[in-house]
Amino acid sequence: MKPWIARISLLYLLCFLTACNKDSISLEKPLTKEQTNIVPIAMQEDDYEAIVEEKNKSINLLPLDITSPNASELGITFSEPKYKKFSANGEITIAGKIDKIDDLKSHYIWINIQAEKVGVAGKEQNYFVPINDGEFNQTVHFFNGEGTYKIKVQVPSTERENYYYDTANFEVININPERIRDVTYTPLGLEAGLGLDTKVSYVVEEDGVFTLNGEILKAAGYQDIMVRLTKDGQIWSKVIPVKNGTFTTKIPLLYGQGLHTLEVMIPDSDKENYYKTATDLLIENTSIEEMEPIHYSSLYTERGVNLLEPIYASSVSEHKFHIKGFIDPEALLSAETTHLYVQTKKGEDLALEVIPISNYAFDHSFYLRFGPGKYEISISVPEITSTKNNFFRYYEVAKFEVLSTIEQDKRDILPSRGVESDSPQIIELANNLIKDKISERDKTKAIYDFVANNISYDFTKFQNEDFNWDDSALKTLELKTGVCQDYAYLTIALLRAVNIEARFVEGYTTDRHAWVEARVDDRWLTMDPTWGAGYIKENKFIASFSEDYFDPSDEDFNKTHTRNGIVY
């Protein structure tokens with residue numbers, strides 16, 4: 001998006017009707033950092049004042065005309081400026097009064113400043129100046145430094161909303177090269193008491209990421225704002241929560257090196273999910289890195305999810321990737337949202353992780369288990385329901401990509417959902433179980449024997465479909481009971497803890513079922529510790545250890561088990 005278009009966009013939602021004419025323009029080459037905000041050492045403020053004085057002597061200083069057709073009716077007068085054309089040193093004051101203000105459809109004067117040439121900060125800037133007790137007063141600066149500027153002062157209509165009349169037009173020749181671009185606000189931003197915590201005097205310069213902080217003094221009714229980032233026709237937006245009248249967020253400068261426009265937008269009270277521009281900033285990104293945005297669904301805001309890390313997609317990682325954030329305590333179902341689901345997808349391979357939430361916050365890492373390459377990461381919130389199920393529903397709130405640079409595919413040895421093979425308790429137990437064993441087969445058999453002999457089948461859990469998001473190897477070890485998934489979790493965790501690859505197999509017997517495959521002596525060995533533990537008779541578990549379900553023949557096993565595939 002060209003700079004002058006970016007500035008015009010500040011007003012497009014306000015639908016002001018004016019008689020402004022736009023001349024065709026051409027873009028100048030952007031200035032370097034060294035060329036920006038430089039005042040020659042030899043030139044002091046007194047020198048500029050002297051130049052202004054001399055310059056004004058050569059100008060025919062004609063009195064400022066008031067052009068508004070209803071000026072006399074409203075009693076409009078200007079105390080500053082006094083002339084149609086004059087020279088200035090970096091800033092001027094525009095001040096005056098309106099005698100009759102009761103019928104005005106707005107309480108703001110609109111000042112439009114047009115530079116003769118396009119600069120880094122574009123070609124125009126707008127100020128909205130409050131009318132207080134009939135008076136207005138505003139100091140304005142010159143965003144492109146030295147040069148000629150045409151300034152138009154407009155007063156609100158007494159008949160139509162969002163309609164302004166040209167009241168005074170004048171020309172200023174600024175002789176000071178310093179570039180100052182004030183942070184200005186639309187009437188919507190001014191009425192909300194919006195304020196940004198920035199000391200910017202021209203263009204913000206950042207290296208890849210900009211931190212936006214601000215406040216809304218009249219915060220009632222404002223639960224969020226929207227930010228919109230644009231550059232060269234590319235657009236990205238995000239909704240940001242407002243808490244106790246303040247907001248903060250990190251903005252990724254997605255589109256690489258160059259000038260980004262950041263609009264801060266406030267909700268429209270008349271339209272749901274609609275935002276109007278309140279102010280904008282120009283941000284010069286010094287980083288050459290181009291980033292992919294994170295994509296958010298509407299549920300991201302509705303369920304109060306706030307992702308603090310990452311702030312943009314296309315991150316590079318090895319095996320582990322870290323996410324951090326919080327849930328807005330005032331959001332829908334926030335207290336019931338005790339965890340998130342994270343799905344990692346690489347090609348046809350899928351893995352699901354569970355991220356716990358404590359005190360409305362999450363800070364957790366998960367594995368990129370399928371080796372090198374690009375992963376699609378989906379973050380989801382759980383369905384909140386009192387209905388018991390043997391499956392979980394969840395809904396995507398954010399999606400992004402991550403590139404893994406790790407060389408090895410370790411899908412069957414890394415910890416995973418429900419399989420805490422890196423837990424000290426699991427590692428100690430597994431090492432004790434295999435301490436007298438030499439071969440991989442004997443080690444695997446010792447783990448099968450332990451699980452089948454020490455875990456009872458929880459028929460009530462199966463019957464009531466009482467599955468929970470935190471079901472896991474550690475939970476099974478603590479309770480000493482579980483269903484097929486829990487037998488599999490514990491078995492796999494113990495195997496992986498002693499560096500034996502193992503995987504979770506999903507399939508059917510008389511119902512949905514799960515069992516284990518372990519890589520032993522370079523082949524995948526099948527075992528079903530649930531069936532090896534005993535059987536159900538008259539709705540009760542009968543413990544009856546059996547070795548028949550450790551490495552059975554395919555022919556025998558397939559008579560009772562139908563394999564669907566591997567689940568991570």
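The values are calculated or read from the model by the stated rules, or taken from the named source; none is laboratory data. Since we're looking at a predicted model, the values are computed, not measured. Because the Cβ atoms are built from the backbone with ideal geometry, glycine has one as well, and the counts that use them run over all protein chains shown.
Assorted remarks:
- Checklist (1) surrounded by 14 or more Cβ atoms within 10 Å (Cβ to Cβ); (2) within 29 Å of ILE357 (Cα to Cα); (3) charged (D, E, K, R) applied to ARG563, failing item: (2)
- Hey, ILE438 aliphatic (A, V, I, L, M), more than 25 Å from HIS513 (Cβ to Cβ) and without any contact (Cβ under 8 Å) to a residue 60 or more places away in the chain or not: yes
- Filtered by the rule that a residue be of a type in the set (A, V, I, L, M, F, W, C) and over 25 Å from the mean Cα position of the chain (by Cα), the range 157-208 gives ALA168, PHE170, VAL172, ILE173, ILE175, ILE180, LEU190.
- When the range 228-252 is limited to residues that are touching a Ser or Thr at 6+ places or on another chain (Cβ under 8 Å) and either within 20 Å of ARG181 (Cα to Cα) or polar (S, T, N, Q) (or both), the one that is surrounded by the fewest Cβ atoms within 10 Å (Cβ to Cβ) turns out to be THR248.
- The strands (runs of 3 or more DSSP E) found wholly in the range 274-354 and carrying at least 1 residues that are surrounded by 18 or more Cβ atoms within 10 Å (Cβ to Cβ) and at pLDDT 95 or above occupy 275-285, 305-309, 320-327, 339-346.
Condition check ((1) under 26 Å from PRO552 (Cα atoms); (2) outside the structural domain of ASN390 (by TED's automatic domain parsing); (3) of a type outside the set (Val, Ile, Thr)) across all residues:
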position: ASP412; (1), (2), (3): yes, yes, yes
position: VAL419; (1), (2), (3): yes, yes, no
position: ASP436; (1), (2), (3): yes, yes, yes
position: SER456; (1), (2), (3): yes, yes, yes
position: PHE467; (1), (2), (3): no, yes, yes
position: VAL483; (1), (2), (3): yes, yes, no
position: ASP486; (1), (2), (3): yes, yes, yes
position: LEU490; (1), (2), (3): yes, yes, yes
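- Filter result (assigned to a loop (DSSP other than H, G, I, E, B) and basic (Lys, Arg)) within the range 530-546: none
- Which numbered condition ILE216 misses (of (1) in contact (Cβ under 8 Å) with a residue 12 or more places away in the chain; (2) closer than 30 Å to TYR48 by Cα): (2)
- In the range 489-511, the residues that are part of a strand (DSSP E or B) and modelled with pLDDT of 95 or more reach residues that are crowded, with 22+ Cβ neighbours inside 10 Å and not hydrophobic (A, V, I, L, M, F, W, C) with C-beta atoms within less than 6 angstrom, at least six apart or across chains, in these pairs: ALA502/ARG496; GLY507/HIS513.
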